[in-house]
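Chemist: One structure coming up, written as structure tokens, with questions to follow.
The values are calculated or read from the model by the stated rules, or taken from the named source; none is laboratory data. Keep in mind it's a predicted model, so treat the numbers as computed, not measured. Glycine gets a Cβ as well: all are built from the backbone with ideal geometry, and neighbour counts include every protein chain shown. Ligands, DNA and RNA are stripped out before the accessible areas are found, and what is left, the full protein with its side chains, is counted by its heavy atoms. Shrake-Rupley method; radii C 1.70, N 1.55, O 1.52, S 1.80 Å.
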Amino acid sequence: MLLRAIQPESRHDVAFLGQMLVEAVNWRPGRRRLTLEDVLADPHLARYVRGWGRRGDGGVIAEEAGGRVGACWYRLFPADEPGYGFVDERTLELGIAVVADRRRRGVGRALLGAALSDAASEGFAAISLSVEPDNPSRLLYAQFGFVQVGMVEGSWTMRAELLQQPKRRASP
């Protein structure tokens, strides 16, 4: 598996973030699956990818021989247009998704570790996210130092300090 930075100038990377946002929203089996059009029509969801490339935007994409299999991205939100896991205007908010057939194979763990390391190396002190209490991924987030700091509309807001994150090592 190869992890690489999201290229804001790449239409393909930005389009893939949209696809991964759809995966993140549709994490729970058995619910009506939202489409990309549904997600982008919802201003609260679309703000996670619209206008990509602004200050504070970053993240990584996971690629395998068959193509791209996941992404972990982050961005800053203003107080008047917060994300679901908003803490404050200085705290990044994270999104993460892995294609369904690659879940529970370490892809999410690798993505999360790389994104947190990158955000820390960019000088950010904290990062947050929103997760439903019954989403198994919350256990992974806790392993990376995320703690619950609030609850909004039935979902947990979790936050982690970044300064203690180890730097990601370059591949040889």
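Chemist: I'm checking my understanding of the structure. Among residues of the range 106-142 that are of a type in the set (G, A, S) and exposed (fewer than 15 other Cβ atoms within 10 Å of the Cβ), which one is farthest from G59 (Cα to Cα)?
Modeler: Ranking the candidates gives A142 first.
Chemist: For the range 143-150, state whether one or more residues are buried (at least 18 other Cβ atoms within 10 Å of the Cβ) and in contact (Cβ under 8 Å) with a residue 24 or more places away in the chain.
Modeler: Scanning the range 143-150 turns up no residue that is buried (at least 18 other Cβ atoms within 10 Å of the Cβ) and in contact (Cβ under 8 Å) with a residue 24 or more places away in the chain.
Chemist: If the Cβ limit is 6 Å and pairs must be 6+ apart or interchain, which residue in the range 23-35 that is within 14 Å of S137 (Cβ to Cβ) and aliphatic (A, V, I, L, M) pairs with which residue that is part of a helix (DSSP H, G or I) and open to solvent by less than 40 Å² (accessible area, probe 1.4 Å)?
Modeler: As it stands, the answer is V25/V39, since those pairs meet every condition given.
Chemist: Now a separate question. Given the structure, is E89 among the acidic types (D, E), open to solvent by 20 Å² or more (accessible area, probe 1.4 Å), in contact (Cβ under 8 Å) with a residue 40 or more places away in the chain and farther than 26 Å from D134 by Cβ?
Modeler: When the stated conditions are applied, E89 does not pass them.
Chemist: Kindly indicate whether any position in the range 46-63 is small (G, A, S) and closer than 16 Å to Y84 by Cβ.
Modeler: Yes; the residues of the range 46-63 include at least one that is small (G, A, S) and closer than 16 Å to Y84 by Cβ.
Chemist: On to the next question. Scan the range 79-134 residue by residue and report those that are of a type in the set (F, W, Y) and touching a Gly at 6+ places or on another chain (Cβ under 8 Å).
Modeler: The answer is F124, and nothing else.
Chemist: Determine whether the range 63-70 contains at least one residue that is outside any loop (DSSP other than H, G, I, E, B), basic (K, R), surrounded by 11 or more Cβ atoms within 10 Å (Cβ to Cβ) and touching a residue at least 40 places away in the same chain (Cβ under 8 Å).
Modeler: Yes: the range 63-70 contains one or more residues that are outside any loop (DSSP other than H, G, I, E, B), basic (K, R), surrounded by 11 or more Cβ atoms within 10 Å (Cβ to Cβ) and touching a residue at least 40 places away in the same chain (Cβ under 8 Å).
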